[in-house]
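Step one of this worksheet: look at the structure below.
The values are calculated or read from the model by the stated rules, or taken from the named source; none is laboratory data. Only a predicted model underlies this, so the values are computations on that prediction, with no experimental measurement involved. Here the Cβ positions follow ideal geometry from the backbone for every residue, glycine too, while neighbour counts run over all protein chains shown.
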Amino acid sequence: MKTPNQMTGLEIMQAFQQGLVPPPGIAKTMGMEGVAEVEYGRIVFIAIADERHTNPLGGVHGGFAATVLDSVTGCATHTVLAAGEGYGTTDLAIKMCRPMPFNKKLIAEGKVINVGRNLVISEGYLRDEEGKLYAHATATNMIIRQK
């Protein structure tokens, strides 16, 4: 198997999907399950908010949706990058559509909408299995190239 620096972003995301590479720690912290679908410019995974994500009012903290959407838009961005390239989020805009539910399977989908020389723009959605939208995001990621 190639090392991560030898793999394209899509190959890395496919390796996560196949269980060949362990998921990052943030996935466990945020209740994000494995990659369900991945293709060039698009990725889908599952996220479930639980008691670890409670805000002071007893609901799901908005940071749960923000972190999951940052992850799904970033992973979508990663799928379009060449071997050895990375990315960093430079802008993330979140729109909360309704309160996040506890212990309910949410589908996180990220899609790339533009690839430039140095920036990738993507969008992400958090929906339930019936298609109800809970949150939407747009993100700009800077491409980081090895020198």
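When restricted to residues that are touching a helix residue (DSSP H, G or I) at 6+ places or on another chain (Cβ under 7 Å) and free of Cβ contacts under 8 Å to residues at least 40 places away in the same chain, region 3-30 contains 3. Within the option set Val44, Val35, Val68, being under 23 Å from Ile121 (Cα atoms), among the β-branched types (Val, Ile, Thr) and touching a Leu at 6+ places or on another chain (Cβ under 7 Å) holds for one residue only, Val68. The residues of region 31-58 that are out of contact with any strand residue (DSSP E or B) (no Cβ under 9 Å at 6 or more places or on another chain), farther than 18 Å from Lys104 by Cβ and touching a residue at least 12 places away in the same chain (Cβ under 8 Å) amount to a single one, Glu39. Counting the residues of region 34-54 that are within 17 Å of Asp70 (Cβ to Cβ) and either at pLDDT 95 or above or assigned to a strand (DSSP E or B) (or both) gives 7. In region 15-26, the condition of being modelled with pLDDT under 90, assigned to a helix (DSSP H, G or I) and surrounded by fewer than 18 Cβ atoms within 10 Å (Cβ to Cβ) is met by at least one residue.
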